[in-house]
Each structure stands twice: as structure tokens, then as C-alpha cells.
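Working notes, structure below.
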Amino acid sequence: MRAIRLSFLHMLKFIWHDMMLFAAGLAPLLAGVAIRFGVPFVEKMLVSYTGEEAVLTLYYGLFDIFFASIAPAMFGFIAAMVMLEEHDDHIDRYLFITGLGRSGYLVSRIMIPALGAFVITAALLPVFRLSELSAAGVVLLALTGTMQGIIIALLIVALSSNKLEGMAITKLSALMIMGAVVPYFVPKPLCYCLSILPSFWIGKAVLESALIYMMMAALIAGIWILVLLRVFGRSR
């Protein structure tokens, strides 16, 4: 446990000296303010301009899904960039053979940031939400969003051999979140083509106010994580 704690503290020091990663850590708060105050303001302007009773209001739940995904995605990106930097410098290979081990390394680099993302999301989502969410809905959104963040981190480190490739994979991995849009705009049964994405089921759960679909999202996310952990083990 001490090795994991020291490894995590080393990661925090690395982030503190990298302004890009430090700024990424502030993104959830900035995004929350933008969503909570910016979206309703734009909605008023659109309603006034179009004469419709509602334009964006129907998609407030979708904005909440995106907010619940921001902190996990940003923390996952930060973790992945640190891991790729350590891989480039061959530091990770050294850490694997110390008391930290491969599993402790993954805990300090991915699981602890993911836990932080969960806590932050669960705390900020009730403040910045636009739609009506129950306490269970907030927790489940934070949980499934966190699992998506873990997937993004593992996708980047498992499929990239350096930071340059990691930046490219980051852009593609962001598509994991976009599956939430599909239930809102793609009719059945065509929408189920993207049911392999956890975000698809998250979107479906919020759209239909059926939290049972969150269980499906967590199950599929768990499968993604297990597969990517195996791929990461082979690549390292």
C-alpha cells in the first residue's frame, strides 16, 4: 500500500509540472459552469428566435451525461499521458519489478484517479445538472462515467507506443462517449448497432428514465476493461 501511495504522489508531482495536464484536471469544473449557465441561456435565445416552446430542453439529460463523462475522461487522459511518458523513459519497466508490481502500478495510475473522478462527478453533478436526477441516478451516472474513463485510459496506453500516438488515440477514444447520442436521434432497431458502447446504454437509461439500463452499461464497460487489461499486459 505504501508503494502505491508513493507512486501516486510521484504522479501528482509530474502533473503539477505539466501545465497541459494540470489544466485538463480543471476541465470538469469549467465545463460544469459552462453547461449549467450557458446551455439555459442559449435555450432562451433559441426559444425567442424560433418561437418554439423548447429546443434544447429535450436534451438536458444528454448534457448531464456528457458532464458525468468529463471528469473521468480527463483524468483518464491525464493518467494515460503520464504512463506513456514513463513508458518512453522506460520507467514503467523498472516499476514493474519493484514492490509496486504491475497491478500496483495500474492501481496508482488508473484506479486512484478513477476513484477521484467518481467522487468529483458525484459531488458536482447535483450542482451542475440540468435535468431531474434522483440520488441513485447521480451515483449510477458517476459510476458508469468513471468506467468509461478507465476504458479511455486503457485504450490510449494499450494501443499507443508513445505520447504522439497517444494523442491520436485520445481523439478516437472520445467517440466512446458519443454513443449516448444515438438513442436520442437514431430510430430503433438501427440504434442497436452501437449497443457495444457503454455510453449507448447510459443514453438509453436517461432518455427512457429506466435506470436498469445502467446495469447493462456497467456490464459492457466491465467487459471492455477486462479485454483492454489483457491487451495492455501483452503490450507491456
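The values are calculated or read from the model by the stated rules, or taken from the named source; none is laboratory data. If you're wondering where the values come from, they're calculated on a predicted model, not measured in any experiment. For neighbour counting, all protein chains shown are included, and Cβ atoms are generated from backbone atoms with ideal geometry for every residue, glycine included. We work out accessible area using only protein heavy atoms, side chains counted, and drop any ligands, DNA or RNA first. Shrake-Rupley method; radii C 1.70, N 1.55, O 1.52, S 1.80 Å.
Give me the percent of accessible area attributable to carbon and sulfur for segment 1-73, probe 1.4 angstrom. Walk me through the intermediate numbers first.
Details: 3340 of 4600 Å².
Using a 1.4 Å probe with all protein chains present, segment 1-73 comes out at 73 percent carbon and sulfur.
Please sort 66-72, 27-33, 186-192 by packing, taking for each peptide the average over its residues of neighbouring beta carbons within 10 angstrom, highest first.
Result, highest mean first: 66-72, 27-33, 186-192.
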Just want the answer: with Cβ charges of +1 for Lys and Arg and -1 for Asp and Glu, which residue in 117, 182, 95 is farthest toward the dipole's positive end in segment 93-186?
95
Put 200, 22, 63, 77 in order of accessible area, largest first, 1.4 Å probe: what do you get?
22, 63, 77, 200
Partner lysines whose C-alpha sits under 29 Å from that of residue 188, ignoring same-chain residues fewer than 8 away, are 171, 204
Which aspartates and glutamates, if any, have their Cα less than 16 Å from the Cα of residue 44, not counting same-chain residues under 8 positions apart?
52, 53
Determine, from the Cβ-Cβ distance of residue 226 and residue 161 and an R0 of 22 Å, the FRET efficiency 1/(1 + (r/R0)^6), rounded to the nearest 0.05.
0.50
The percentage of the accessible area of segment 86-137 (probe 1.4 Å, all protein chains present) made up of carbon and sulfur atoms, to the nearest whole number, is 67
Give me the Debye-computed log₁₀ of I(q)/I(0) at q = 0.20, 0.26 Å⁻¹ for segment 11-58, equal point scatterers on Cα only, no solvent, two decimals.
-0.68, -0.88
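State in Å² the accessible area per residue of segment 1-132; use a 1.4 Å probe, count heavy atoms of protein chains only, and round to the nearest integer.
On a per-residue basis, 54 Å².
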The extension gain from residue 172 to residue 42, computed as 0.36 nm times the residue separation minus the Cα-Cα distance, is 44.0 nm
Taking segment 1-149 as the region of interest, what is the percent of Cα-Cα pairs per 10 angstrom bin, listed from the shortest bin to the one with the maximum distance?
11, 34, 27, 17, 8, 3, 0
Using alpha-carbon coordinates, inclination of helix 2-16 to the longest axis of the chain, degrees
60
What part of the accessible area of segment 151-211, given as a whole %, is carbon or sulfur when the probe is 1.4 angstrom?
75
Between 0 and 90 degrees, rounded to the nearest ten: what's the tilt of helix 163-173 against the longest Cα principal axis of the chain?
30
Net charge, residue 78 excluded, C-beta distance under 14 Å - Lys, Arg +1, Asp, Glu -1
0
